[in-house]
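Q: Provided herewith is a single structure, encoded as structure tokens, for subsequent inquiry.
The values are calculated or read from the model by the stated rules, or taken from the named source; none is laboratory data. Because the structure is predicted, anything quoted here is derived from the model rather than measured. Cβ placement follows ideal geometry from the backbone for every residue including glycine, while neighbour counts extend to all protein chains displayed.
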Amino acid sequence: MFNKKGEERELSFYWIIIFTIVAVALVSGVLVFYSHPIDVRKAESGILANKVVNCVVHEGVIQEEVIEDIRNNGIDEACDLVLTDKTGLYDKEQYYIELNINGEIFKYGDEEYGPFCGHEKSKENIPVCYEREFFVLNSDNSFVKMEVLGAVAKIKQNS
Amino acid sequence: MIFMKNKKGSDIIVGNVVFIILALLFFGLLLLFLMNQSSITRLMEERTAKEIALLLDSAEPGTEIIFDIEEIASKTDDEANAIRIENNFVYVKLKSKEGYKYHFFNSEEINYDFMRIDGRRYLKINVQ
């Protein structure tokens, strides 16, 4: 009798330990998961890069007047983009765009973000980038290579 | 002797019943916690603001967006002030003090209104 009771007590003690481990693991896992912000920068940088491409290229042909506008006023003005984040969370530009059309490079934003692109494994505290290469027609119907890079930092809100 | 045997049996039953009740209670509380965490207002504010901002970023002029807000509207009494789109920001404020805002870069003119379809609440956005 004594031994059986002792075994039961020991068993319930183990049950308590198992339940506690399960509870702690679940609660901490869920808290860690939900405490991180939702990272939308991959989508945002892709949309940004596509916007720039759609602005510069129409039906596969480069728009020379848009390129001239970019030369004079910058990518943001020529493509009607509002790229200044006024959340008050950041003290510098949160977007970076690099457009390379046949060797002529146009840039907007913080150039420091450029070298961080391509470092997928360490993207936690660095900007997230979207890079694409296209071949498009220019005004004299010859193919030219176009490269676009869109980078979004917004680290405080996304990582 | 018969009394002793019955007592032993009832002790085992009571012990098992108590254990099952405690286990159910434990897992019930855990389930409640998990459900509560996935629908906390802070998370809903952030998710909604970012979803709307990305939709607006990718929208071309002439786009009409119908966005289902039934889930978040049920968390507030004043849906008109819960979601606002102003100065290239999407503001979502449910019950938290500050709410959440997210910037979008599309410069097109944006008009929005709240509507109901079959009793369900939607946010209608026109990008012009």
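Q: Pairs please, first residue from the stretch B:94-121 and more than 8 Å from chain A (Cβ to nearest Cβ), second anywhere and aliphatic (A, V, I, L, M) and surrounded by fewer than 14 Cβ atoms within 10 Å (Cβ to Cβ), Cβ atoms under 9 Å, 6+ apart in sequence or on different chains.
A: Pairs that qualify, where the first residue is more than 8 Å from chain A (Cβ to nearest Cβ) and the partner is aliphatic (A, V, I, L, M) and surrounded by fewer than 14 Cβ atoms within 10 Å (Cβ to Cβ), are B:114/B:80; B:115/B:66; B:117/B:66; B:121/B:115.
Q: Give the stretch B:87-128 a look and list any residue that's basic (Lys, Arg), part of a strand (DSSP E or B) and farther than 22 Å from residue A:39 by Cα, or say none. Walk me through it before giving the result.
A: If we filter the stretch B:87-128 for residues that are basic (Lys, Arg), which is where we start, we get B:93, B:95, B:97, B:101, B:116, B:120-121, B:124.
Filter once more, so that each one left must be part of a strand (DSSP E or B): B:101, B:116, B:120-121, B:124.
Matches in the stretch B:87-128: B:116, B:120, B:121, B:124.
Q: Further question: Only one residue in B:44, B:35 is within 14 Å of another protein chain (Cβ to nearest Cβ), without any contact (Cβ under 8 Å) to a residue 24 or more places away in the chain and either surrounded by fewer than 19 Cβ atoms within 10 Å (Cβ to Cβ) or under 20 Å from the mean Cα position of the chain (by Cα) (or both), so which one is that?
A: Details: B:44 fails: without any contact (Cβ under 8 Å) to a residue 24 or more places away in the chain.
The conditions single out B:35.
Q: For the stretch A:18-31, state whether one or more residues are outside any loop (DSSP other than H, G, I, E, B), among the hydroxyl-bearing types (Ser, Thr, Tyr) and over 19 Å from residue A:128 (Cα atoms).
A: Narrowing the stretch A:18-31 to residues outside any loop (DSSP other than H, G, I, E, B): A:18-31.
Going one step further and asking which of them are among the hydroxyl-bearing types (Ser, Thr, Tyr), we end up with A:20, A:28.
Pick out the ones that are also over 19 Å from residue A:128 (Cα atoms) and you get A:20, A:28.
Checking the stretch A:18-31: at least one residue is outside any loop (DSSP other than H, G, I, E, B), among the hydroxyl-bearing types (Ser, Thr, Tyr) and over 19 Å from residue A:128 (Cα atoms).
Q: Of the residues that sit in the stretch A:68-89 and are surrounded by 18 or more Cβ atoms within 10 Å (Cβ to Cβ) and touching a residue at least 24 places away in the same chain (Cβ under 8 Å), which one is farthest from residue A:49 (Cα to Cα)?
A: Restricting to residues being surrounded by 18 or more Cβ atoms within 10 Å (Cβ to Cβ) and touching a residue at least 24 places away in the same chain (Cβ under 8 Å), the top hit is A:85.
Q: I'm told residue A:131 meets every condition in (1) surrounded by 21 or more Cβ atoms within 10 Å (Cβ to Cβ); (2) in contact (Cβ under 8 Å) with a residue 60 or more places away in the chain except one. Can you identify the failing condition by its number?
A: Residue A:131 satisfies every listed condition except (1).
Q: Could you check residue A:105 against (1) in contact (Cβ under 8 Å) with a residue 12 or more places away in the chain; (2) among the aliphatic types (A, V, I, L, M); (3) out of contact with any helix residue (DSSP H, G or I) (no Cβ under 8 Å at 6 or more places or on another chain) and say which number it fails?
A: Exception for residue A:105: condition (1).
Q: Checking the structure you have, find out if any residue of the stretch B:45-59 is at pLDDT 90 or above, among the acidic types (Asp, Glu) and in contact with a Pro (Cβ under 9 Å, 6 or more places away or on another chain).
A: Yes: one or more hits.
Q: Among the residues of the stretch B:47-74, count how many are outside any helix (DSSP H, G or I) and more than 11 Å from every other protein chain (Cβ to nearest Cβ). Before the answer, list the steps.
A: Of the stretch B:47-74, the ones outside any helix (DSSP H, G or I) are B:59-69, B:74.
Now narrow it down to the ones that are more than 11 Å from every other protein chain (Cβ to nearest Cβ): B:62-69, B:74.
Here the count works out to 9.
Q: Now, a different point. If you scan the stretch A:31-46, which residues turn out to be without any contact (Cβ under 8 Å) to a residue 24 or more places away in the chain and under 25 Å from residue A:114 (Cβ atoms)? It would help to see each step written out before you state the result.
A: Initial filter on the stretch A:31-46 (without any contact (Cβ under 8 Å) to a residue 24 or more places away in the chain): A:31-35, A:43.
A:43 - this is the single residue of the stretch A:31-46 that is without any contact (Cβ under 8 Å) to a residue 24 or more places away in the chain and under 25 Å from residue A:114 (Cβ atoms).
Q: Within the stretch A:72-112, can you find the residues that are within 12 Å of another protein chain (Cβ to nearest Cβ) and part of a strand (DSSP E or B)?
A: Correct list: A:81, A:95, A:97, A:108, A:109.
Q: Against the conditions (1) in a strand (DSSP E or B); (2) surrounded by fewer than 18 Cβ atoms within 10 Å (Cβ to Cβ); (3) of a type in the set (D, E, K, R); (4) within 14 Å of chain A (Cβ to nearest Cβ), where does residue B:84 fall short? Just the number, please.
A: Failing condition for residue B:84: (4).
Q: Every residue in the stretch A:27-54 that is away from chain B (no Cβ under 11 Å) and crowded, with 18+ Cβ neighbours inside 10 Å, please.
A: Passing the criteria: only A:49.
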